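I have placed the structure first, in the form of structure tokens, so that the comments after it can refer back to it.
Bear in mind these aren't lab numbers, they're just calculated from the coordinates by the rules spelled out. Because the structure is predicted, anything quoted here is derived from the model rather than measured. Glycine also receives a Cβ, built like all others from the backbone with ideal geometry; neighbour counts cover every protein chain displayed.
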There are 2 protein chains.
Amino acid sequence: MVPHLVPRQLVRLFRWQVACARGASVQPRTWAAASRIPSLLSPWGAMGTSRLVCRSSSSTSPCAPEVVLTQERYPVTRLPFSVVSEEDLEAFERIIPGRVVTDPEVLEASNVDWLRTVRGGSKVLLRPRTSQEVAHILRYCHERNLAVNPQGGNTGMVGGSVPVFDEIILSTAQMNQVISFHSVSGTLVCQAGCVLEELSRYVEERGFVMPLDLGAKGSCHIGGNVATNAGGLRFLRYGSLHGTVLGLEVVLADGTILNCLTSLRKDNTGYDLKQLFIGSEGTLGVITAVSIQCPPKPTAVNVAFLGCPGFAEVLQTFSSCRGLLGEILSAYEFMDAECMRLVTHHLCLTSPVQESPFYVLIETSGSRAEHDAEKLSDFLEQVLSSGLVTDGTVATDQMKLKALWALRERISEALSQDGYVYKYDLSLPAEGLYDLVPELRARLGSRAKHVVGYGHLGDGNLHLNVTSEAFSPLLLDALEPYVYEWTARQRGSVSAEHGLGFRKRGVLSYSKPPEALRLMQQLKALLDPQGILNPYKTLPAQA
Amino acid sequence: MVPHLVPRQLVRLFRWQVACARGASVQPRTWAAASRIPSLLSPWGAMGTSRLVCRSSSSTSPCAPEVVLTQERYPVTRLPFSVVSEEDLEAFERIIPGRVVTDPEVLEASNVDWLRTVRGGSKVLLRPRTSQEVAHILRYCHERNLAVNPQGGNTGMVGGSVPVFDEIILSTAQMNQVISFHSVSGTLVCQAGCVLEELSRYVEERGFVMPLDLGAKGSCHIGGNVATNAGGLRFLRYGSLHGTVLGLEVVLADGTILNCLTSLRKDNTGYDLKQLFIGSEGTLGVITAVSIQCPPKPTAVNVAFLGCPGFAEVLQTFSSCRGLLGEILSAYEFMDAECMRLVTHHLCLTSPVQESPFYVLIETSGSRAEHDAEKLSDFLEQVLSSGLVTDGTVATDQMKLKALWALRERISEALSQDGYVYKYDLSLPAEGLYDLVPELRARLGSRAKHVVGYGHLGDGNLHLNVTSEAFSPLLLDALEPYVYEWTARQRGSVSAEHGLGFRKRGVLSYSKPPEALRLMQQLKALLDPQGILNPYKTLPAQA
């Protein structure tokens, strides 16, 4: 029987071994800086080597890029959009003087996704600063039948944020102003290109937090977060963007500005149009401004990192945790032993607990430190004494919190250094959330380098990743459609939070019936009859 | 300086005067039973007298009803739908044998709204039990161009739930089965006609609560709640239905069944179609089943009822409350002195605190009674010692909780007994939430019997109500468009949670720009090209 301890004592009791300072501090939460700097480096370019090397000698880029052009690698045909002409460039220059980019080196970073799996061949990037400029641009493109690829921080996981062919890249990077913040209600109104981490800092200085947080926060734009309905690490506590986004300003395909930028928590005047654009991946309109409800900043935050002997214990620990931590529970993440091996091997992080088959990261956020500490202590006592948890550590200070979070947040980075990564982002019933991982290990055998599972257990969201030394069509065939069919049989979702973008648009029907697909296509046709907005994305190619 | 007390002691310190047992117990939360019993009585018919008496001798009903036919009172023209024939009735009888109602007495309750402000003249009410039956009915109506009025518990505030002319009433009353409940995740899947209170009881027995609660819970259907995007009393804590509804099954106007009845917390495969139907008031499709995320049931609930000397103090008390109660705050409601006079006068309730210009009801819901009590006690000490609150009482046991809630929840009932009620449901910035009330009192003078303000302060939602002895067009002219223009100037919403229905469909443009209205009309045309679903509702009549 473990004595009744407050977390500070527990910290001392448990071993504290997060030794690797680099991994523990600033690094982890700034993905994909490449999207904002004209550079060919991937976010992890300096540390690892991408296995997705250029396989084609017919590449037209003078820079001998590593990533194969999407049009060469995937079976996709260019739709009959116009090609950008000199006159078009002059017209854009009149709309946004000095912000029409045609320098190939600058364009390269915006043509390639951060995972380095797809690469477009756009010849022009536009950097508007206002919604009116976006409206002018889209009105022009609509008239000229020019395709447009809206781009935020370019941190997407499914190739939705870069062009497939020569679409014009419409970047929100210079639309980065806070429009208003209401210090009583916590309502933030800002332009779409504000970086999530900067917004977090802004509202935290004012006693609030952003209702979402994700690994890519250092680069991703709030407009992109909303356009992709990003989930992330605070979903368990603050819920979906469908609930926390109060209003949007959107520019439609024909240049119409749709101003639904209300700051009201409740508004039942007619259909809630903004919902259409949340998660539509820029295919129905370009989000230019966001109004979002920020919850008050918790005054006490604790993180516990625990080892569990099996997945059944991970689930039981979650049940116990919900009961004993109740309203202060703000995250319940899990990772398997393989994940821990990857982050320790590739990123020089050290596990703070004994080697275990599974690890759980629990975060509490509350308004009263001593109450939260007591709840957490009682919870830990229960799970330790009942054998659900075999080892653990607790942190309350900022540095250690970050170090523990890094173990979970940097798995994606470690994977990208392990080889070519096959990524799956599945929603599944919690009970069977991990079943697919051992099943795949057995199925793939030595064809796969690693098969790992981690994710947001509290939201029923598994990140399943498979690595191999290099891209292998045979391995891909063993994975797909197997993974999708398996997920469909559980009535799960084949994309929990990453969206469909370009690379997954063909798998929509595993999670949605034909009637839903038909209605989606009708909505697309209604809002963007020429299909100029982010073509080749989200919806499957029509026969 | 008030001594540091735990709430139990505070209860003894404060006066406890809720003496009227009838008002304090079961009565308050069962509105509009009339909608489920074939009766001409309004929910409060036995206690009060409706002032909206029949003004027309041309009424065709044999029962000499009190409520004027909508088509006689309002400027509205019947659209060219077919008229239900004997053959149609036979066809319906084949689809749902024994559940085609044509008895005028039974129909009467479904033709009149519970506020007794509008009255349709439908000759037939259909009671399907399954989605397939709804699909058959709609396919038939679509082919025959017959208009349909979907109806849940008929507890709406804006005349959206009853026919305007002779639309077929499609009742969800017999679609009242729970389909599944997941005892780990708290996901409830049920048919649309389940009564909210019954669902609450069902999930509470299993350790969860419904994420919404409202005065009409005893009659309203979950399908109607979703169709009208009901807000209610738990909005502050659990947020909007756009966030808590996980999936919907909807039958479209042409009879297509759109099955988006997922139970997943996250699903980013394509556009989130269910969002379109949340708040569309049955004009885009008929919701037949709902999947909803239920939060764990709090183990400790406290209610404090406080008197405040002014609205500024109501606001400051809210700020203090958010800081000190933090994550356990689950409701912050306010009412003015006039409201208290009405509930004490008409409903025999007794105020538990000294007479004050304003009253505040605060609810906490948490997982640990002693922590919550300590937080609440510290909060009360602060607001009492600083003079923000002048008197108060706290309850923890079920009977007293209900009695305190009754003071707030039964205001609407008291108003309906005070005379003809002009109801406004506004979203406004919290700072100026009450400004309109004294302004209107001055403007209306003796023309109004009472002008009262109450509502969900935590959500920025004011319920503004004006009563007069009888309906007065002059008083109405003094109120409208004044109230709407005032709200529009504050960039508020002219319908925070009640929706637009029939009676407010003309005011949409006070809160939405022309581009939004146009897109709404396009969506309606896409989903219901003949306009057979709940016609004359939500969107303004087209020129």
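Computed on the Cα atoms alone, the convex hull of chain B gives a volume of 143 cubic angstrom per residue.
Given a cut-off of under 8 Å on Cα pairs at least six residues apart, what relative contact order in percent is computed for segment A:151-227?
34
Only Cα pairs under 8 Å and 6+ residues apart enter the sum, and on that basis the relative contact order of segment B:178-293 stands at 32 percent. What does the net charge come to around A:GLY323 if you take all other residues with beta carbon closer than 14 Å to its beta carbon, with K and R at +1 and D and E at -1? With Lys, Arg at +1 and Asp, Glu at -1, the neighbours total +2. Rounded to the nearest 20, the Cβ-based charge dipole of segment A:300-490 about its Cα centre (Lys and Arg +1, Asp and Glu -1) stands at 340 debye. Over the residues of chain A, the helix contribution to mean residue ellipticity at 222 nm works out to -9000 deg cm²/dmol, using -39500 (n - 2.57) for each DSSP H run of at least 4. Taking every residue in A:487-497 and counting other chain Cβ atoms within 10 Å of its Cβ, the average works out to 3. Summing charges over neighbours of A:ILE222, with a neighbour being any other residue whose Cβ is under 11 Å away from its Cβ, gives -1 when K and R count +1 and D and E count -1.
All alpha carbon pair distances within segment B:300-490 were sorted into 10 Å bins beginning at 0; the resulting P(r) in whole percents reads 9, 36, 34, 16, 5, 0.
Net charge near B:TYR359, counting Lys/Arg +1 and Asp/Glu -1 over other residues with Cβ under 10 Å of its Cβ? Taking every Cβ under 10 Å from that of B:TYR359, the sum is -3. The charge dipole of segment A:178-293, taken about its Cα centre with unit charges on the Cβ atoms of Lys, Arg (+1), Asp and Glu (-1) only, comes to about 320 debye.
For the protein assembly as shown, give the share of DSSP beta bridges that are antiparallel, in percent and rounded to the nearest 5; count only bridges with both residues there.
Bridges in the protein assembly as shown are about 90 percent antiparallel.
Considering only B:ASN259, B:THR102, A:GLN316, and ranking their Cα positions along the charge dipole of the protein assembly as shown that arises from unit charges at the beta-carbon of Lys, Arg, Asp and Glu, the one farthest toward the positive end is A:GLN316. Neighbouring Cβ atoms from other chains, within 10 Å of the Cβ of residues in A:372-383, number 1 on average. Working from Cα pairs under 8 Å separated by at least six residues, relative contact order for chain B is 18 percent. Both the radius of gyration and Dmax for segment B:230-375 are 20.3, 58 Å, in that order, over alpha-carbon atoms.
Can you pick out the pairs among A:LYS274/A:LYS504; B:LYS297/B:LYS375; A:LYS400/B:LYS375; B:LYS449/B:LYS504; A:LYS297/A:LYS512; B:LYS123/B:LYS217 whose Cα atoms lie more than 30 Å from each other?
A:LYS297/A:LYS512
Taking the Cα centre of chain B as origin and assigning +1 to Lys and Arg Cβ atoms and -1 to Asp and Glu Cβ atoms, the resulting dipole is close to 160 debye. The residue among A:GLY419, A:ILE532, A:PRO80 whose Cα reaches farthest toward the positive pole of the charge dipole of chain A, with charges on the beta-carbon of Lys, Arg, Asp and Glu, is A:GLY419.
Candidates A:THR70, A:ILE287, A:MET157 compared by Cα position along the dipole of chain A: farthest toward the positive end lies A:MET157, with charges placed on Cβ.
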